[in-house]
């Protein structure tokens with residue numbers, strides 16, 4: 001027997017989830033049902049961190065990669081100990 005499930009969610013999240021599900025060839029029903037089955041089966045919920053950096057981190061990664069390609073990393077400080085690194089990081093505090 002089938003039943004209806006009604007939930008509240010952010011409209012942007014819903015649209016993005018529908019888009020991803022469609023790209024994977026899944027309906028939202030299949031996606032939600034599979035998630036519910038996994039919850040019942042494992043009695044656990046798995047959260048996974050995004051592998052896509054946010055905008056700020058993305059910019060910093062691009063900048064760092066450009067510096068590495070340009071050879072600027074050779075000017076970066078090196079440390080013998082963790083204390084040296086921490087002292088360096090706190091030098092302007």
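The distance from the alpha carbon centre of segment 34-50 to that of segment 1-31 is 16 Å, rounded to a whole number.
The long axis of helix 11-23 is offset from the longest Cα principal axis of the chain by roughly 80 degrees. Of the listed values (1) 1.13; (2) 3.20; (3) 1.86, identify the label whose number matches Cα Rg over 2.2 N^0.38 Å calculated from this model. Recomputing Cα Rg over 2.2 N^0.38 Å here gives the entry labelled (3). Relative to the longest principal axis of the Cα atoms of the chain, helix 55-70 runs at roughly 40 degrees. For the chain, the longest principal axis of the alpha carbon atoms and the long axis of helix 28-42 meet at an angle near 80°.
Bear in mind that the values in this text are calculations on the coordinates, not laboratory data. This one's a predicted model, so the numbers in the text were calculated from it and none came from an experiment.
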